[in-house]
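Below is one structure, written out as structure tokens; the observations come after it.
The values are calculated or read from the model by the stated rules, or taken from the named source; none is laboratory data. Small disclaimer: the values here were computed from a predicted structure and weren't measured. Cβ coordinates were reconstructed from backbone atoms using ideal geometry, including for glycine residues, and neighbour counts include every protein chain displayed. For accessibility, only protein heavy atoms count, side chains too; no ligands or nucleic acids. Shrake-Rupley method; radii C 1.70, N 1.55, O 1.52, S 1.80 Å.
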Amino acid sequence: MKFQNKTILITGASTGIGKAVGEKLLDESCNIILTSRRDEKIEEWVSESENSKANMLILKNDVTDKESVAEVYSKVVEKFGGIDIAILNSGIGKEITPKTFNSKVAEDIINTNFLGVVYWVEQLLPDMMKRKSGIIAPVSSLADNRGYSGSGFYCASKSALSIFAEGLSIDLKKHGIKVLTIKPGFVKTPMTDQNKFKMPFLISAEKSAEYIITGIKKEKAIIQFPFPTVLGSKILGLLPNWFYRLVG
Ligand SMILES: NC(=O)c1ccc[n+]([C@@H]2O[C@H](COP(=O)([O-])OP(=O)(O)OC[C@H]3O[C@@H](n4cnc5c(N)ncnc54)[C@H](OP(=O)(O)O)[C@@H]3O)[C@@H](O)[C@H]2O)c1
């Protein structure tokens, strides 16, 4: 897959991984749509970037608001005709303990990390199916395979997202649309800056963007990185449940 002349959407492009992927795509001759709630933050980093080859459209979008997603999509269609590659990256995380347990946090996390992707897929599908092409790349996590302490809502949202993406990839095969699930390990971003626990094999957002762009260009079904964290999560996933609960 070459990015030249393609129209690429990145949701959650104001900070972190989305911003880093956006910065790298400025070097490509393509159309980029950058969205998030804080569109002023996107404007800020884009204005600081030099020599962009890409055509850009920056739009305010709250992925938990189905109507906002539909409105933003129609603006994109008006300007570029459609989307070839959708990197559905918007996401939130919050540590939760039995003492701070609060269902509102679960609602926010599920609405953003899972339903936010579903709302975008709903907009993308009709046109991609008509054209029999397109790439949908949701950003899940290597934390999708187990319930990690303090991160139950987050893990549940990413597990739901990965499973949804897997099912969707099978359904869309015959329509010529690819679903590539992105599963990062720990990446240094404003989200992980809040974490108080140790994050093994933490990588920079720029490095994560390299993995993501290479993976999409190779059309890898699962884009997971970095290797030591992939291996660690596979081992944790294979542990018998009784043993995981004992040591977790
Ligand atoms: N960092 C890691 O270690 C790591 C590991 C695995 C997976 N991930 C996933 O990678 C993605 C990016 O995370 P990050 O680490 O780069 O965190 P981040 O720097 O906090 O970025 C999150 C992005 O999501 C956007 N966002 C949040 N809520 C939104 C909403 N309701 N509507 C639209 N956009 C929204 C934020 O923009 P606004 O606030 O401006 O809307 C921001 O641009 C997330 O899906 C995260 O779960 C991260």
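Exactly one of these conditions fails for Ala137: (1) part of a helix (DSSP H, G or I); (2) within 12 Å of the ligand (Cβ to nearest atom). Give me its number.
Checking Ala137 against (1) part of a helix (DSSP H, G or I); (2) within 12 Å of the ligand (Cβ to nearest atom), the one that fails is (1).
Are any residues in the stretch 221-248 within 15 Å of the chain's Cα centre (by Cα) and not polar (S, T, N, Q), and if so, which ones?
Restricting attention to the stretch 221-248, the residues satisfying the condition of being within 15 Å of the chain's Cα centre (by Cα) are 221-225.
Hits for the stretch 221-248 are Ala221, Ile222, Ile223, Phe225.
Of the conditions (1) in contact with a helix residue (DSSP H, G or I) (Cβ under 9 Å, 6 or more places away or on another chain); (2) away from the ligand (no atom under 14 Å from the Cβ); (3) of a type in the set (Phe, Trp, Tyr), Phe243 clears all except one; give me its number.
Every condition holds for Phe243 apart from (1).
Considering the stretch 61-111 alone, what residues qualify as being among the aliphatic types (A, V, I, L, M) and farther than 26 Å from Ser149 by Cα? Give the steps one after another, and end with the answer.
Let us first name the residues in the stretch 61-111 that are among the aliphatic types (A, V, I, L, M), namely 63, 69-70, 72, 76-77, 83, 85-88, 92, 96, 105-106, 109-110.
Of everything in the stretch 61-111, those that are among the aliphatic types (A, V, I, L, M) and farther than 26 Å from Ser149 by Cα turn out to be Val63, Val69, Ala70, Val72, Val76, Val77, Ile83, Ile85, Ala86, Ile87.
Taking Glu43 as the residue in question, decide whether it is among the acidic types (Asp, Glu), more than 13 Å from the ligand (Cβ to nearest atom), over 30 Å from Gly147 (Cβ atoms) and free of Cβ contacts under 8 Å to residues at least 60 places away in the same chain. Spell out how you get there, then give the answer.
Values: among the acidic types (Asp, Glu): yes; more than 13 Å from the ligand (Cβ to nearest atom): no; over 30 Å from Gly147 (Cβ atoms): yes; free of Cβ contacts under 8 Å to residues at least 60 places away in the same chain: yes.
It is false that Glu43 is among the acidic types (Asp, Glu), more than 13 Å from the ligand (Cβ to nearest atom), over 30 Å from Gly147 (Cβ atoms) and free of Cβ contacts under 8 Å to residues at least 60 places away in the same chain.
Taking Ile96 as the residue in question, decide whether it is within 16 Å of the ligand (Cβ to nearest atom), at pLDDT below 95 and of a type in the set (A, V, I, L, M). Spell out the reasoning first.
Values: within 16 Å of the ligand (Cβ to nearest atom): yes; at pLDDT below 95: yes; of a type in the set (A, V, I, L, M): yes.
When the stated conditions are applied, Ile96 passes them.
Output the qualifying pairs, or none if there are none: Cβ atoms under 6 angstrom, residues six or more apart or on different chains, first residue in the stretch 1-29 and under 18 Å from Trp120 (Cα atoms), second residue open to solvent by 40 Å² or more (accessible area, probe 1.4 Å) and near the ligand (Cβ under 9 Å from one of its atoms).
Ala13/Lys19; Ser14/Arg38; Ser14/Lys41
Where residues in the stretch 64-91 are of a type in the set (Val, Ile, Thr) and surrounded by 18 or more Cβ atoms within 10 Å (Cβ to Cβ), which of them is nearest to the chain's Cα centre (by Cα)?
Of the residues in the stretch 64-91, the ones of a type in the set (Val, Ile, Thr) are 64, 69, 72, 76-77, 83, 85, 87.
Within this subset, residues satisfying the condition of being surrounded by 18 or more Cβ atoms within 10 Å (Cβ to Cβ) are 64, 69, 72, 76, 83, 85, 87.
Working: Thr64: 14, Val69: 15, Val72: 17, Val76: 19, Ile83: 16, Ile85: 12, Ile87: 6 Å.
Looking at the filtered set, the residue picked out is Ile87.
Of all residues in the stretch 151-177 being more than 22 Å from Thr112 (Cα to Cα) and charged (D, E, K, R), which is surrounded by the fewest Cβ atoms within 10 Å (Cβ to Cβ)?
At the first step, the residues of the stretch 151-177 found to be more than 22 Å from Thr112 (Cα to Cα) are 170-177.
Now restrict to residues that are charged (D, E, K, R): 171, 173-174.
Values: Asp171: 11, Lys173: 11, Lys174: 8.
Looking at the filtered set, the residue picked out is Lys174.
Residues of the stretch 22-40 being open to solvent by less than 30 Å² (accessible area, probe 1.4 Å) and more than 16 Å from the ligand (Cβ to nearest atom), which ones?
Result: Leu26, Cys30, Asn31.
For the subset of the stretch 45-63 comprising residues that are open to solvent by less than 50 Å² (accessible area, probe 1.4 Å) and among the polar types (S, T, N, Q), which member is modelled with the lowest pLDDT?
Here the residue is Ser49.
Can you give me the number of residues within the stretch 187-201 that are under 12 Å from Phe225 (Cβ atoms) and open to solvent by 60 Å² or more (accessible area, probe 1.4 Å)? Explain how you work it out, then say what you get.
Kept after step one, since they are under 12 Å from Phe225 (Cβ atoms), are these residues of the stretch 187-201: 187, 201.
Add one more test, that the residue is open to solvent by 60 Å² or more (accessible area, probe 1.4 Å), and what stays is 201.
Selection size over the stretch 187-201: 1.
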